[in-house]
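Written out below as structure tokens is the structure these notes cover.
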Amino acid sequence: MSEKGVSPWMQRSLALAAKAVGVANPNPAVGCVIVDAHGQVLGEGHTQPVGGPHAEVMALRDAQARGHGVRGATAYVTLEPCAHFGHTPPCCDALAAAGIGKVVAALTDPNPKVAGQGFARLRAAGITVEVGDGEMAARDLNLGFLKRMETGQPWVRAKVAASLDGHTALLDGQSQWITGEAARTDGQRWRLRADVVLTGIGTVLADDPLLNVRLPDCVRQPHLAIVDSLLRTPPDARLWQVARRQVLIAHQSEAGLDAQNAQALAARKRALQALGARLLPIAPCAHGLDLAQVLQALLEALPGAVNEVHVEAGAALNGGLLAQGLVDEWLVYLAPKMLGGGRPMAQRISPLRALADANAGIWLAQYRVGDDLCLRVASKASV
């Protein structure tokens, strides 16, 4: 996201914060730069993996390692310094103890354990506080964390690769590859920042995908969730080969099934549980599983650990999420190709009767990726 008027020091802090995306999860990605009155950088850093130091402490340590004192200096940080004990002590106290004279922050932290308390403690220590520099870009880096803190729900991003006329595959399912290698690599980076990758059983059966992150700088794998009403996920699917992640399968609860189907479902449950799958029984609705319940079940299965859900699925699951108003953002890679027909991005259960009923969005960003174009569109209800 572009933003006018961002100071160069906050721009540097934002660049550092970007390095924490996919690393610090489920903590926010934060960057910090400490500069003196002459504009010299004294120290800088970004949030480390859970349990490690936050950005402010990394910057203070960096300044110490360089042999710089920071008394009276200004700290540019992309999120309000924390004011509570978690895995580490409060960052606002560390800044005050170091003698920082001013803190410029992009955002107030909506975490109820912080929520202005960090700024209050800084001001009580005699430190000048300014808020707002780089707000839009800082928010974009932490959409999921901010939504979870503000609403208790994750940010749901649906990724689609499509032709210029909106098709994700030919009618027979051929889709490899509509977009180019650069777009696929870019999509991997969006997958990296997620906490859960969500797909449907149709995609699993058709493509036998790994749905993991295959980037050289990957330090953690997002968990994998599958919407699979009848537990048809094959025990020999490639997705079981990926280490360092949980596989969660949302399926139809046995209530309402006849004896034969209930027995068959129980047998498949045992086979998948033997592979380590976590099974999430969901009550069925008129058109399959209630997807809002699926998301809630993920939050309960992974408490405090789901900021972003990255959807890579077919038209049925995309359409179901769209119909229930559960998609916060569409990440669409458009190839300059016309297929003239094929499978759509999302299939509505009930067609619209008027254009006024369309799900309207807001542009977040547009950028070229190799020969393709990436479009980011947020739901109006999400921004």
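The table below lists the values:
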item	result
Between helix 291-301 and the chain: long-axis angle, C-alpha atoms, 0 to 90°, nearest 10	50
Inverse mean reciprocal Cα-Cα distance (Kirkwood Rh) of the stretch 112-240, Å	18.3
By average C-beta atoms within 10 angstrom, highest first, the peptides 39-49, 302-312	302-312, 39-49
Two-decimal ratio, the stretch 1-70, of alpha-carbon radius of gyration to 2.2 N^0.38 Å	1.12
Residue-span extension gain [residue 270 to residue 350] - 0.36 nm each, minus C-alpha spacing	25.2 nm
Alpha-carbon centroid distance for the pair the stretch 118-145 / the stretch 54-90, whole angstrom	13
Per-pair calculated FRET efficiency, R0 = 41 Å: residue 253 and residue 40 via Cβ, rounded to 0.05	0.10
Charge context of residue 120, other residues only, Cβ under 14 angstrom, K/R +1, D/E -1	0
Potential extension, residue 210-residue 337 segment - 0.36 nm per residue separation minus Cα distance	43.1 nm
Estimated FRET transfer efficiency (residue 263, residue 238; beta-carbon r; R0 30 Å; 0.05)	0.60
Long-range Cα-Cα pairs in the stretch 8-141 (distance over 19 Å), rounded percent	40
The chain: relative contact order as a whole-number percent, Cα under 8 Å and 6+ apart	16
Rounded Å value of the spacing that divides the Cα centres of the stretch 297-371 and the stretch 273-289	22
Highest to lowest packing among 199-208, 72-81, scored as the average C-beta count within 10 Å	72-81, 199-208
With Cα atoms, 0 to 90° folded angle of helix 8-20 axis to the chain main axis	40
Label-to-label distance, nm, for residues given as residue 177 and residue 293 (7 Å Cα→Cβ offset)	3.9
Computed over the stretch 8-141: relative contact order in percent, which uses C-alpha pairs under 8 Å that are six or more apart	21
Unit Cα scatterers, Debye sum, the stretch 106-174: log10 I(q)/I(0) for q = 0.17, 0.20, 0.28 Å⁻¹	-0.76, -0.90, -1.20
Net charge contributed by nearby residues that have their C-beta within less than 11 Å of residue 334 (K/R +1, D/E -1)	-1
Angle in degrees between helix 259-274 and the longest Cα principal axis of the chain, rounded to the nearest 10	40
Local electrostatic count at residue 357 - Lys and Arg +1, Asp and Glu -1, tallied over other residues with Cβ under 14 Å	+3
Relative contact order (%) - the stretch 258-383, alpha-carbon pairs under 8 angstrom, separation at least six	21
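Rule-based calculations on the coordinates, nothing more; no lab input. The structure displayed is predicted, hence computed values, not measured ones. Note: ideal-geometry Cβ built from the backbone for every residue, glycine included; neighbour counts use all protein chains shown.
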